[in-house]
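Scroll down for the structure; my scribbles are underneath it.
What follows is calculated from the coordinates using simple rules that are stated; it is not laboratory data. Keep in mind that this is a model prediction, so the values were computed, not measured. Note that we place each Cβ from the backbone using ideal geometry, even for glycine, and neighbour counts take in every protein chain shown.
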Amino acid sequence: MVWWHGVTGQAGIIPPMSLDPISSGIDRAVISSHTSADRWRLSVAPMMDWTDRHCRYFHRLLTRHALLYTEMVTTGALIHGDVARHLDFNAPEHPVALQLGGSEPGDLAHCAKLGEQWGYDEINLNCGCPSERVQRGAFGACLMNEPQLVADCIKAMVDAVSVPVTVKHRIGIDKSESYDLVRDFVGSVSEAGCSVFIVHARNAWLKGLSPKENREVPPLRYDVAHRLKADFPQLCIVVNGGITTDAQIAEQLNQLDGVMVGREAYHNPWCMSAWDTTFYGQTPSDITRDAVEQHMVAYMGREAAAHGTPWSNIARHMLGLRHGQPGARRWRQVWSDHRLKGQPARDVATQAHAAMQLLTLDQIGL
């Protein structure tokens, strides 16, 4: 119980004030303090099955300023499904953007309006997902072959909402490396009212590769994003794909308006803890991994009480928190142990720390 000493009280875990996004005012004040030039400076990519509201709450503990994105939500899911289940989020997540998947202008306009009503700070259209399921729905990366349809979709959404409407797309389709396709796509869509383009700097191979392979096999070509910025200097161009270090982020920010980080932010989330200082000029934070974990355990307790959410649904997103630390593997094993799902999250946390500390003691021979 040493880990919890001085942290818990009668009402449960009391997170450090510097870590509490609610008491720290992580809301529209953060957004309004950003100029249009730096609003998209850093962001965490929309990732299916990963960037749900629990994941975004966790990420917000690590960075106050980076823009967070939802998983892709299809128009069909919102029109025919449970809107609250898809759109509910925690207020501390701001600034947070809703990514939509669809290709029918009227449906997208309706869903964009829903997103704005629920409080999202941006609506993003997915024109980059290459999965066969998405292709069967006639949206995602295949839309890059239909720039006029995308332009119609963007215009419908821009006319429906007052928040920014943005596009995330690839740099080409299949194995063609012609610059003309992406240049004409950006040109046509920008004329419809989109001024922010998030460029995943790989082609999307629509046949022969899985979604995972599509994130790894097509070569990265950052020069295409740089060329887009040169050809469309008035637009905000954000690059995504394969960026894992602060040095790489800084290099891209020398030429582009923003960087979107995906898998590295999920698997090694502690990398985000320095972003506010390094890229936003904020005072260095004294946050620790222990404090972040304590805050998440408190969040698990609140979610269980309010919604019956199993702690495992939340803990899975923070398994990379101790990446690279001694005992991290043992710590992850405890948090991933399905046999512990019936125990309170606070008890699981205690066991995870005990396992981690025992391994550390073993390593130093005590």
| request: Grab the beta carbon distance between Gln351 and Arg263, set R0 = 25 Å, and tell me the FRET efficiency rounded to 0.05. | output: 0.30
| note | Footprinting proxy, Met296, Met47: sorted fewest to most Cβ within 10 Å, the residues are Met47, Met296
| Angle between the Cα long axis of helix 105-118 and the longest principal axis of the chain, 0 to 90 degrees, nearest 10? | 30 degrees
| message | How tilted is helix 147-160 with respect to the longest principal axis of the chain? Cα atoms for both, answer in degrees (0 to 90, nearest 10). | response | 60 degrees
| query | When a footprinting reagent is the concern and you count Cβ atoms within 10 Å, what order do Tyr266, Tyr120 take, fewest first? | reply | Tyr266, Tyr120
| request: Using amide H atoms built 1.01 Å from N in the peptide plane, name the residues 5+ places from Asn124, or on other chains, whose amide H lies under 5 Å from its own. | output: Leu98, Gln99, Leu100, Thr166
| What FRET efficiency, computed as 1/(1 + (r/R0)^6) with R0 = 56 Å and r the Cβ-Cβ distance, is obtained for Trp118 and Leu358, rounded to the nearest 0.05? | 0.80
| task | Find, among the GluC sites (Glu not before Pro) in the stretch 174-248, those assigned to loop by DSSP (not H, G, I, E, B) with at most 15 other beta-carbon atoms within 10 angstrom. | result | Glu177, Glu216
| task | Using label points projected 7 Å from each Cα along Cα→Cβ, tell me how many nm separate Ala291 and Asp49, to one decimal. | result | 3.4 nm
| query | Between (1) 21.5, 85; (2) 19.6, 68; (3) 21.1, 68, which matches Rg and Dmax of the Cα atoms in Å calculated for the structure shown? | reply | (3)
| said: Just want to confirm a number: the relative contact order over the chain, from Cα pairs under 8 angstrom separated by 6+ residues, in percent. | reply: 15 percent
| task | Between Glu293, Glu251, Glu93, find the one with the highest GNM mean-square fluctuation for the chain; connect C-alpha pairs within less than 10 Å. | result | Glu251
| query | Given the options Arg41, Arg289, Arg339, which has the most mean-square fluctuation in a GNM of the chain, springs set between C-alpha atoms less than 10 angstrom apart? | reply | Arg339
| message | Can you tell me how the stretch 270-336 classifies by the Cα gyration tensor, rounded, prolate or oblate, using a/c under 1.5 as the rounded cut? | response | oblate
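For Gln255 and Lys207 in one chain, what is 0.36 nm times their gap in residues minus the Cα-Cα distance, to one decimal in nm?
Difference between extended and current length: 14.0 nm.
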| remark: Here the net charge surrounding Ala306, from other residues whose Cβ is less than 13 Å away from its Cβ (Lys, Arg +1; Asp, Glu -1), is 0
| Candidate lysines - alpha carbon under 18 Å from Lys229, same-chain residues fewer than 8 apart omitted | Lys168
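Only four residue types carry charge here, +1 at the Cβ of Lys and Arg and -1 at the Cβ of Asp and Glu. Report the dipole size of the chain about the Cα centre in Debye, rounded to the nearest 20.
820 debye
Where Lys and Arg each count +1 and Asp and Glu each count -1, what net charge lies around Arg221 among other residues with Cβ under 13 Å from its Cβ? List each step's numbers first, then the result.
On the way: positive: Arg170, Lys175, Arg202, Arg227; negative: Glu177, Asp223.
The answer is +2.
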| remark: Final fewest-first order of Cys111, Cys236 on the 10 Å Cβ neighbour count is Cys236, Cys111
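Using a cut-off of 13 Å between beta-carbons, work out the net charge of the residues near His86 (Lys and Arg +1, Asp and Glu -1, His86 not included).
Here the count lands on -2.
How much length, in nm to one decimal, is gained on full extension between Gln282 and Arg85, taken as 0.36 nm per residue of separation minus their Cα-Cα distance?
Numbers: separation 197, 0.36 × 197 = 70.92 nm, distance 3.45 nm.
Answer, rounded to one decimal: 67.5 nm.
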| said: For Lys341, give me every one of the aspartates and glutamates with a C-alpha distance below 16 angstrom, ignoring sequence neighbours fewer than eight places off in its own chain. | reply: Glu303
